[in-house]
Amino acid sequence: MNQPAVRLRSVTRSYGTGENAVTALDQVSLDIPRGTFTAVMGPSGSGKSTLLQCTAGLDRPTGGQVLLGETDLTRLSERRLTLLRRQRIGFVFQAFNLLPALTAEQNVGLPLRLAGRRPRRAEVLRVLAEVGLRERAGHRPGELSGGQQQRVALARALVTQPEVLFGDEPTGALDSATSREVLTLLRAMVDRGQTVIMVTHDPVAASCADQVLFLADGRVQGALDAPTAERVAHRMTALGAVPATAAAVASC
Ligand code: ADP
Ligand code: MG
């Protein structure tokens with residue numbers, strides 16, 4: 001029942017060999033409890049995206065284990081991993097990656113089509129309503145603001161009711177007011193039981209999480225529970241990241 005949503009056991013990801021070898025993740029072990037919001041922070045190149053991609057089954061570790069519930073992702077064939085990504089994982093990126101020729105409704109229905117199902121209209125509209133865009137179902141991405149497009153992307157990630165929702169800087173392309181809308185939605189989803197893991201550079205965004213994990217040189221260098229933007233910014237500065245200008249801004 002209280003099994004973690006995700007467990008990493010000594011996960012290593014290296015690229016290249018010999019003199020050119022880069023260890024993007026170095027024996028990372030961690031547990032992410034279900035129904036919690038985790039922010040991942042660290043300097044550029046510290047391994048944040050690699051951590052997210054290995055955890056979400058988008059990339060394969062060189063060593064160690066990644067468990068989603070009871071399933072060890074590192075033992076799955078490509079085919080089963082693809083199915084797992086479609087059925088059990090949601091992902092949002094900094095770039096919204098919506099298909100420009102499709103309406104919001106059609107974009108949100110796509111993961112269901114990929115899973116071999118014909119989307120039921122009521123089901124898609126319910127998820128669009130959850131992100132406050134029920135009235136925009138017939139609009140194409142070009143007719144929506146950046147914040148609205150990211151909310152469509154969120155609805156698309158959630159329509160399959162994934163066990164874990166991953167975000168790689170989902171607010172990175174948004175202004176602060178619009179970021180806040182997206183973060184408020186993520187927070188509300190977690191409060192309803194969704195597990196969310198998000199990479200961010202922004203201490204204010206991180207302060208919406210229950211827990212912040214700090215990465216440096218491919219290792220977890222510490223964690224912060226019940227984070228405030230100010231405490232997050234301090235830790236980031238200590239890790240050698242550029243001092244955050246948002247430190248004075250109110251927390252989530
Ligand atoms: P972050 O998201 O924290 O900026 P990344 O996870 O993207 O960091 O990268 C971690 C390290 O791994 C960096 O040194 C990066 O250059 C290296 N890296 C990432 N992807 C590749 C790749 N495909 N080939 C070689 N090196 C890579
Ligand atoms: Mg990155």
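The values are calculated or read from the model by the stated rules, or taken from the named source; none is laboratory data. If you're wondering where the values come from, they're calculated on a predicted model, not measured in any experiment. Every residue, glycine as well, gets a Cβ built from its backbone with ideal geometry; the counts of neighbours run over all protein chains shown.
Out of the residues in region 190-212 that are touching a residue at least 40 places away in the same chain (Cβ under 8 Å) and in a helix (DSSP H, G or I), state the one that is surrounded by the fewest Cβ atoms within 10 Å (Cβ to Cβ). Looking at residues that are touching a residue at least 40 places away in the same chain (Cβ under 8 Å) and in a helix (DSSP H, G or I), I get 190.
Taking region 213-233 as the search range and keeping residues that are touching a helix residue (DSSP H, G or I) at 6+ places or on another chain (Cβ under 8 Å) and assigned to a strand (DSSP E or B), which one is surrounded by the fewest Cβ atoms within 10 Å (Cβ to Cβ)? So the residue we want is 222. Within region 49-64, the set of residues being more than 16 Å from ligand 2 (Cβ to nearest atom) and either part of a loop (DSSP other than H, G, I, E, B) or on the phi < 0 side of the Ramachandran plot (or both) comprises 57, 60, 61, 62, 63. Among the residues of region 179-203, those that are within 16 Å of ligand 2 (Cβ to nearest atom) and under 10 Å from the mean Cα position of the chain (by Cα) comprise 197, 198, 199, 200. Would a scan of region 29-40 turn up a residue that is buried (at least 16 other Cβ atoms within 10 Å of the Cβ), closer than 17 Å to residue 62 by Cβ and modelled with pLDDT of 95 or more? Checked against the condition, which is being buried (at least 16 other Cβ atoms within 10 Å of the Cβ), closer than 17 Å to residue 62 by Cβ and modelled with pLDDT of 95 or more, region 29-40 yields no hits at all. A Cβ distance below 6 Å, combined with a sequence gap of six or more or placement on separate chains, defines the contacts here; from region 90-115, residues that are among the aromatic types (Phe, Trp, Tyr) reach residues that are part of a strand (DSSP E or B) in the pairs 91/166; 93/168. The numbered conditions (1) surrounded by 15 or more Cβ atoms within 10 Å (Cβ to Cβ); (2) away from ligand 2 (no atom under 16 Å from the Cβ); (3) under 17 Å from the mean Cα position of the chain (by Cα); (4) in contact (Cβ under 8 Å) with a residue 40 or more places away in the chain are all true for residue 46 except (2). Filtered by the rule that a residue be free of Cβ contacts under 8 Å to residues at least 40 places away in the same chain and touching a strand residue (DSSP E or B) at 6+ places or on another chain (Cβ under 8 Å), region 130-152 gives no residues. For the structure I just gave you, tell me whether residue 11 is part of a strand (DSSP E or B), in contact with a Gly (Cβ under 7 Å, 6 or more places away or on another chain) and in contact (Cβ under 8 Å) with a residue 40 or more places away in the chain. The answer is yes for residue 11.
Yes or no, residue by residue, for (1) within 26 Å of residue 174 (Cα to Cα); (2) buried (at least 21 other Cβ atoms within 10 Å of the Cβ); (3) among the basic types (Lys, Arg):
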{"site": "66", "(1), (2), (3)": "no, yes, no"}
{"site": "69", "(1), (2), (3)": "no, no, no"}
{"site": "82", "(1), (2), (3)": "no, no, no"}
{"site": "95", "(1), (2), (3)": "yes, no, no"}
{"site": "102", "(1), (2), (3)": "yes, no, no"}
{"site": "115", "(1), (2), (3)": "no, no, no"}
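Being more than 16 Å from ligand 1 (Cβ to nearest atom) and either at pLDDT 95 or above or touching a His at 6+ places or on another chain (Cβ under 7 Å) (or both) is true of residue 155.
Checked against (1) within 15 Å of the chain's Cα centre (by Cα); (2) surrounded by fewer than 17 Cβ atoms within 10 Å (Cβ to Cβ); (3) part of a strand (DSSP E or B), residue 167 passes all but a single condition, namely (2).
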